[in-house]
Amino acid sequence: MKRFLIFAVLCAPFCDAADLALTPPMGWNSWNKFAEKIDDKAVRGVADALVSSGMKDAGYVYVNIDDSWEASRDAQGNIQTNSKFPDMKALADYVHSKGLKIGIYSSPGPKTCADYEGSYQHEEQDAKTWEAWGIDYLKYDWCSAEKVYKPTEMQAVYKKMGDALKATGRPIVFSLCQYGLQNVWEWGGSVGGNLWRTTGDIEDTWKSMSTIGFDKQLGHEKYAEPGHWNDPDMLEIGNGGMSATEYRTHMSLWAMLAAPLLAGNDLRDMSDATRQILLNKEVIAIDQDKLGRQGRRVSKEAGAEMWMRPLENGDLALAFFNRSEAMVSITAFWEILGLKGKHKVRDLWAHQDLGAFRDSYSAQVAVHGVVMLRVAR
Ligand code: GLA
């Protein structure tokens, strides 16, 4: 015990932030559904719903408050909460009492994207405040930093907060949000980041989700590993702008991408269809696979795409996607996937073993739909 304590004290400023988020973070974020209409009461309700819906047990543990909690600073420069969040420490205690973790949001600029107080020139002070509140996750959003820093300063600016978080000694997941500028996947980990947004904001439409998920992640897969994840943005599942079929595609694609699974809907008021999509434990297991290898596109023909992700036990996750406006049939030839002979196939949405198949497996895929499979070695 004593030895551990000495190690913890010595390590505090230097511990590798990558020990955090060994699998992609899972939880909820307020922005997609609530934007600025989020408050203490709603966050408590969402925390309750994470538990009662079974999502917590499925791995969704971060309750992340996005922009709009901030007020100005007091005479000592300490960041204040606005009237929507009367007592952040009490809220954090409540979230922790449910066995969950709590996240917060800021910007390295003077103002956040929604024009609230940012952390500019108060980085260490803010990190200490968050540590005192019991914060477990920070999303740090570039926003107005572009007005006060040169583009060449961006990495140092993110490192400053990465170092400040580490210096608190509290394990705080560090989420970079600067929309993929300057190939952030190449340096996000080296400034202390556990995940980094790769694109601009997602919208609750097929076009936005599919463009971000299918087209804008290509080539980033080699930068993902335990502790370091590409972030194609938060989930829109259940927000109403897509069909259940499209939301299943959204969930499957994010799992293939080893993406953070941050639900973005109102968890207090979810349909059964939404709950079933977010709670598909076989798809979640692909997302959370401990090997931490991000999947990649294997083939693309018109709107038919096949994606593959290697898993820790040697199995392969395989997804057939249909981006076209007509039903398609997709065939996976084992040879292309580096497999030979007969392999067992399981359908992760039908929750069914389909049998053992020699040389290939084919399936029909609905318009904008997915067939997601686990192929045994
Ligand atoms: C940016 C981010 C969003 C959200 C808003 C909040 O647009 O990319 O995810 O955090 O700011 O203002």
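We did not get these values from a lab; they are worked out from the coordinates using the rules stated. Since the structure is predicted, the reported quantities are computational estimates derived from the model, not experimental observations. Neighbour counts run over all protein chains shown; Cβ positions are idealised from the backbone, glycine included.
Per-structure values
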quantity: DSSP-defined antiparallel bridges as percent of all bridges, region 18-287, nearest 5; calculated: 15 percent
quantity: Helix 2-11 axis, angle to the chain major axis (alpha carbon atoms, nearest 10°); calculated: 90 degrees
quantity: Rounded to 10°, Cα long-axis angle of helix 40-52 versus longest principal axis of the chain; calculated: 40 degrees
quantity: Glu325-Leu354 FRET efficiency (beta carbon distance; Förster radius 22 Å; 0.05 resolution); calculated: 0.25
quantity: Compactness of the chain, expressed as Rg and Dmax over alpha-carbon positions, Å; calculated: 21.1, 72
quantity: Cβ crowding within 10 Å averaged over residues, with 324-337, 252-265 ranked highest first; calculated: 252-265, 324-337
quantity: Out-of-range pairs (alpha-carbon distance over 27 Å; input Lys56/Lys160; Lys222/Lys290; Lys222/Lys281); calculated: Lys56/Lys160
quantity: Pairwise FRET efficiency - Gln182 versus Glu225, Cβ, R0 = 22 Å, nearest 0.05; calculated: 0.65
quantity: Choice from Gly341, Gly27, Gly188 with maximal GNM fluctuation in the chain (Cα, 10 Å cutoff); calculated: Gly341
quantity: Reachable aspartates and glutamates, given that their alpha-carbon falls under 14 Å from the alpha-carbon of Lys216 and they are not under 8 places away in the same chain; calculated: Asp201, Asp231, Asp233
quantity: Potential lengthening between Ala244 and Glu203 on full extension [0.36 nm per residue; Cα-Cα distance subtracted]; calculated: 13.2 nm
quantity: Alpha-carbon Rg/Rh ratio, for region 236-279, with Rh computed the Kirkwood way; calculated: 0.93
quantity: Two-site label geometry, Val298 and Lys281: point separation in nm, points 7 Å out along Cα→Cβ; calculated: 2.7 nm
quantity: Kirkwood hydrodynamic radius of region 296-375, from inverse mean 1/r over distinct Cα pairs, in Å; calculated: 12.6 Å
quantity: Mean Cβ neighbour count within 10 Å, used as a protection proxy, ranking 53-59, 244-250 highest first; calculated: 244-250, 53-59
quantity: Region 84-183: chymotrypsin sites (Phe, Trp or Tyr not before Pro) in DSSP coil with no more than 12 other Cβ atoms inside 10 Å; calculated: none
quantity: Amide H within-cut-off set for Thr112, under 5 Å, with H built and near neighbours excluded; calculated: Glu117, Gly118
